[in-house]
1. Applying the Karplus parametrisation 6.51 cos²θ - 1.76 cosθ + 1.60 with θ = phi - 60° to the phi angles of the range 55-67, what ³J(HN,Hα) value in whole Hz is obtained for each residue in order, glycine and proline being reported as x?
2. In deg cm²/dmol and to the nearest 500, what is the mean residue ellipticity at 222 nm of the chain if only DSSP H runs of at least 4 residues count, each as -39500 (n - 2.57), divided by the residue total?
3. Which loop-located GluC sites (Glu not before Pro) does the range 79-154 contain, where loop means any DSSP state but H, G, I, E or B and the Cβ has at most 16 other Cβ atoms within 10 Å?
4. How many nm separate the modelled label positions at Y5 and T166, each set 7 Å beyond the Cα in the direction of the Cβ?
5. Mind listing which trypsin sites (Lys or Arg not before Pro) in the range 1-81 are in a DSSP loop and have 11 or fewer other Cβ atoms within 10 Å?
6. Just tell me which lysines come within less than 26 Å, Cα to Cα, of K122; anything on the same chain fewer than 8 places away is out.
7. Taking θ = phi - 60°, what integer Hz values does the Karplus form 6.51 cos²θ - 1.76 cosθ + 1.60 yield along the range 77-90, in sequence order, with x for Gly and Pro?
8. Set the Förster distance to 30 Å, then compute FRET efficiency between E245 and R24 from the Cβ-Cβ distance, nearest 0.05.
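Here, each number is a calculation from the coordinates, and none is a lab measurement. Not measured: the values here are computed from a predicted model. Glycine also receives a Cβ, built like all others from the backbone with ideal geometry; neighbour counts cover every protein chain displayed.
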Amino acid sequence: MIIAYHRPRSLEEAQALLAQPNTRPLGGGTVLARWSGAPIAVVDLQALGWNRIELRGNELDVGATVTLQQLLESGSCPPALKKAIYLEMPLNLRNVATAAGTIVACDGRSPFVTALLALDAKLILADEQETVLPIGEYLPFRPAGLICRIVLPMHVRFAFEHASRTPSDLPLLCVALTQWMTGRTRIAVGGWGTSPALAMDGPEASGYDAAVYNACYHANDERASAEYRKEIAMALARRCLATIEA
Ligand SMILES: Cc1cc2nc3c(=O)[nH]c(=O)nc-3n(C[C@H](O)[C@H](O)[C@H](O)COP(=O)(O)OP(=O)(O)OC[C@H]3O[C@@H](n4cnc5c(N)ncnc54)[C@H](O)[C@@H]3O)c2cc1C
């Protein structure tokens, strides 16, 4: 149950409030509004001006409170990332759920976070040093800390492919692949478990099929078997490569 609601107008005010016990940042509230644990106070981030999307050189700077729909509609959002966002949740929720809230609350089925993991997105924390936390380091531990921005590389080739039961269902399996100008190739897979998984991050694409196959080794759940996912992952990764090479 939420027992107190705050809407600070400055970062300092927000930090002072968040230093209080049992107090959580509030993004879109789609998860926190259903909170059934111990009573909490929430600090709504919407008046902090973190709802901007800015192209800065080779990077896209996405404010923590940018909604998924805002990002999907942005002209700067790569088409393959739009595809992942579209699959994440229906329009009404995309209009409310924030980029940071979705990362913090995600499980392994999140197409959006699978895409961010392949893109090697950087989370910027709102502390004095503006600590930069690569999403791959954040996801396994989810350390507490206020995320103010998410930074994505722009001059990369990026593809996202998925297999779902219906066109709008969360994928049984999704594969996201990013290739930098240097040849560096990073692949993430999602569709089960507590977090999307990083399959490979290498100097080139060779060995991608074995990497995604191995990443699905324990991918058994009630929706699909690991055997199925291992095979499909190789096909989807191949499709991603064909897309970026086209
Ligand atoms: C009816 C319903 C259906 C749903 N269906 C789906 C679905 O199909 N697919 C899906 O993936 N999800 C679904 N969800 C879950 C939910 O919508 C997402 O996880 C959502 O993206 C969370 O974003 P939010 O901004 O609303 O987070 P909030 O509820 O505001 O916060 C979620 C968590 O993130 C923390 N947080 C928020 N912002 C920050 C920040 N800037 N820094 C640090 N921590 C922060 C909060 O403290 C909290 O712990 C559903 C939810 C509902 C209510």
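1. Once θ is set to phi - 60°, the couplings for the range 55-67 become 8, 10, x, 8, 10, 10, 9, 10, x, 4, 9, 4, 7 Hz.
2. -9000 deg cm²/dmol
3. E128, E130
4. It is 3.2 nm.
5. Filter output for the range 1-81: R9.
6. K82, K83
7. 6, x, x, 5, 6, 4, 4, 5, 5, 4, 6, 4, 6, x
8. 0.10
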